[in-house]
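As structure tokens, the structure follows; a few thoughts come after it.
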Amino acid sequence: MKILITGGAGFIGSHLVRLLLEQGHAVTVLDDLSTGAKAHIEGLPIGLWQADIREKAVTARIAAAHFDAVVHLAAQTMVDASLRDPHFDAEENVIGLVNVLEGARLGGTRRVIFASTAAVYGDVSARDLPVREEQALAPLSFYGMTKVAGEQYLALYKKIFGLDYVVLRFANVYGERQGDRGEGGVISIFAKRVARGSSITIFGDGGQTRDFIYAGDIASGIACALRTEHACRAYNLGTQTELSLNELVRVLGKAAGKALAPAYAAPREGDIYRSALSNAAARRNLGWTPKVTLEEGLRRTYAYVKETAAQ
Ligand code: NAD
């Protein structure tokens with residue numbers, strides 16, 4: 001297939017580009033390199049369009065290339081930035097999406113995959129964990145809200161124009177080439193500090209849980225969504241496992257070969273306490289299962305962080 005990946009020079013995109021190339025697809029990346037980097041995809045046999053999805057001109061460029069599929073990853077990904085600057089968040093995550101969707105529609109693209117997030121659910125009560133896709137959407141930030149809007153745009157593009165889609169709600173993603181900001185960045189931040197020999201601080205008592213999923217598993221979930229016959233709905237991509245930050249630090253210590261003793265500070269306002277996504281629907285309909293264990297994922301992440309720190 002001829003596939004466009006917006007945001008392909010970013011963290012998750014850089015894993016996806018590699019997997020789709022391995023699977024024999026022709027890949028073009030559209031990225032403005034604002035949080036991504038050319039180095040993430042250097043030397044790979046792809047087309048790179050350095051462009052901003054907020055610019056209306058990207059629509060005509062995408063349409064003219066007639067992609068079979070578009071994977072839309074480019075976004076403003078930070079909860080706190082969305083609260084500080086809702087205008088920027090909406091331009092990136094709503095206007096940017098519309099420019100890409102228009103290009104897909106006009107170019108006869110068959111399917112769009114949209115990167116959504118667990119943040120669309122907001123704070124879910126413990127009895128509803130792990131969260132299923134039927135859970136009411138109740139975002140607590142503009143970031144979560146513009147992702148909900150994105151999901152609804154896709155549903156309406158299907159209804160009005162017949163454009164196929166799959167929405168994928170990612171849990172907290174980690175792995176090589178992750179930035180320090182955005183979602184799931186805690187592993188990247190901790191790994192870099194541990195590699196430098198600096199201390200790490202947990203906000204709260206460390207009992208708070210997250211569902212950490214390796215970026216290579218997210219890439220394979222996207223590849224499954226490109227093929228599935230069960231399109232035009234949302235799927236969670238997560239491990240269905242709650243991992244406390246205290247446990248995370250313990251396993252990271254094993255990967256780094258040192259016992260870590262984190263400091264503890266007051267919990268951050270607005271942080272939810274527990275989080276995990278059910279992956280039953282993705283396993284059933286997409287034929288997807290996460291394969292990389294936390295130990296292996298952290299080993300790879302830490303090795304990458306050490307290697308890049310040494311450069
Ligand atoms: P990232 O910041 O590494 O990747 C985003 C990419 O989009 C970057 O390469 C950036 O340069 C590019 N980009 C941003 N604005 C752009 C613009 N205006 N025009 C063109 N390119 C632009 O983040 P990521 O973690 O790889 O996230 C990818 C997607 O997955 C995002 O949509 C994010 O909301 C979603 N997501 C990520 C996580 C996570 O834990 N990392 C969790 C849930 C959802």
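Below are the figures for this structure:
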item: Cross-link partners of Lys158 among aspartates and glutamates (Cα-Cα below 13 Å; sequence separation of 8 or more within a chain); result: Glu102
item: Residue of Leu106, Leu73, Leu298 that the Gaussian network model of the chain assigns the largest fluctuation, springs spanning Cα pairs under 10 Å; result: Leu106
item: DSSP-defined antiparallel bridges as percent of all bridges, segment 170-304, nearest 5; result: 20
item: Virtual paramagnetic centre 7 Å along Cα→Cβ of Tyr273, amide N under 11 Å, in segment 191-223; result: 205, 207-209
item: Cα long-axis angle, helix 186-196 against the chain (0 to 90 degrees, to the nearest 10); result: 50
item: Aspartates and glutamates whose Cα lies under 18 Å from that of Lys254, excluding same-chain neighbours fewer than 8 positions away; result: Glu176, Glu295, Glu296, Glu307
item: Ellipsoid equivalent to segment 115-182 - semi-axes via the Cα gyration tensor, in Å; result: 22, 18, 12
item: Cα-based shape type of segment 76-223, given that a ≥ b ≥ c are square roots of the gyration tensor eigenvalues and the cut on a/c is 1.5; result: prolate
item: Among Ile41, Val124, Pro267 - extreme Cα towards positive end, dipole of the chain, charges at beta-carbon; result: Ile41
item: Antiparallel DSSP beta bridges within the chain, as percent of all bridges there, nearest 5; result: 5
item: Sparse-neighbour loop sites [GluC sites (Glu not before Pro); segment 208-311; at most 14 other C-beta within 10 Å; DSSP]; result: Glu229, Glu269
item: Rounded, prolate or oblate (a/c below 1.5 giving rounded, otherwise prolate when a/b exceeds b/c) for segment 53-112 by Cα gyration tensor; result: prolate
item: Segment Ala259-Arg196, length gained on full extension (0.36 nm per residue, minus Cα span); result: 21.2 nm
item: Residue among Ala225, Ala171, Ala266 with the largest mean-square fluctuation in a Gaussian network model of the chain, springs linking Cα atoms under 10 Å; result: Ala266
item: Hydrodynamic radius (Kirkwood) for the chain, which is based on Cα pairs only, to one decimal in Å; result: 19.6
item: Stokes-Einstein diffusion coefficient of segment 95-142, Kirkwood radius over Cα pairs, 37 °C, 0.692 mPa s, in µm²/s; result: 250
item: Using alpha-carbon coordinates, inclination of helix 215-227 to the longest axis of the chain, degrees; result: 30
item: The chain: angle of helix 245-256 to the longest principal axis, Cα-based, in degrees nearest 10; result: 90
item: Segment 84-126: GluC sites (Glu not before Pro) falling in loop per DSSP and having at most 14 other Cβ within 10 Å; result: none
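Read-outs throughout are calculated quantities, based only on the coordinates presented, and are distinct from any laboratory measurement. Worth saying up front: this structure is predicted, and the values here are computed from it rather than measured. Here Cβ is always computed from backbone atoms with ideal geometry, including for glycine, and neighbour counts include all displayed protein chains.
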